[in-house]
Amino acid sequence: LIAMTTEHYPPLRLAWLVWGLGACLYLVGFYQRVAPAVMTRELMVDFSIGAAALGNLSAYYFYSYVAMQVPTGILADRWGPRRLLTLGACVAAAGTFLFAGSGNLTLAGLGRLLIGGSVAVAFVGMLKLAAHWFAPRQYALTSGLALFVGVIGAVAAGVPLRLLVDHFGWRPVMLVSAGVAFLV
């Protein structure tokens, strides 16, 4: 076996850029995870639902997120992180668009299902990118930064999202969120 040196890895700037795209999807995923908790009043009014139904609507994200954990690993190995993360971002954008434009609870729930299942690929995809684009000694750093990026997404879905929803309404903000996911 030949020992790998840093000479065999892509330029560090390129590696961070590629990994950063996966990190952006992970940020979007955490943002989407927290967002309904910030928009409870608006969602309850728009869909004429109570707290239990709102909790279920929010939980659709987690149902599909959990269901995708094992398939995500298999798909990451089979398709590679580039295809998997690209598909994940596109489906997340479509799910967010459906959620934002839904006229009923069923479509909103389907949108949340699509979001959760699609962003479930982000963490595994980032780990796969880290393994391919960085030296093994940088794996722990990229893993820790991944969690940091996710928490930034959750923070963005706190006060900043509340301010945006208060100013523009939840649907326009979610439509912009769909655009951001698509750009990723």
Looking at the range 88-108, which of the residues that are in contact with a Phe, Trp or Tyr (Cβ under 8 Å, 6 or more places away or on another chain) and buried (at least 22 other Cβ atoms within 10 Å of the Cβ) is nearest to Tyr61 (Cα to Cα)?
-> Ala108
Just one of (1) more than 14 Å from the chain's Cα centre (by Cα); (2) in contact (Cβ under 8 Å) with a residue 12 or more places away in the chain trips up Leu84, so point out which.
-> (1)
Determine whether Arg112 is under 12 Å from the mean Cα position of the chain (by Cα) and under 23 Å from Leu54 (Cβ atoms).
-> yes
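Step by step: first the residues of the range 45-59, then only those that are open to solvent by 70 Å² or more (accessible area, probe 1.4 Å) and in contact with a helix residue (DSSP H, G or I) (Cβ under 9 Å, 6 or more places away or on another chain), then the one that is nearest to Gly111 (Cα to Cα). Which residue is that?
Asp46
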Can you tell me which residue in the range 112-159 is farthest from Tyr65 (Cα to Cα), limited to those that are surrounded by fewer than 21 Cβ atoms within 10 Å (Cβ to Cβ) and among the hydroxyl-bearing types (Ser, Thr, Tyr)?
-> Tyr139
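The values are calculated or read from the model by the stated rules, or taken from the named source; none is laboratory data. Keep in mind it's a predicted model, so treat the numbers as computed, not measured. FYI the Cβ positions are ideal-geometry reconstructions off the backbone, even for glycines, and counts take in every protein chain you see. The area values use the complete protein model at the heavy-atom level, side chains included, leaving out ligands, DNA and RNA. Shrake-Rupley method; radii C 1.70, N 1.55, O 1.52, S 1.80 Å.
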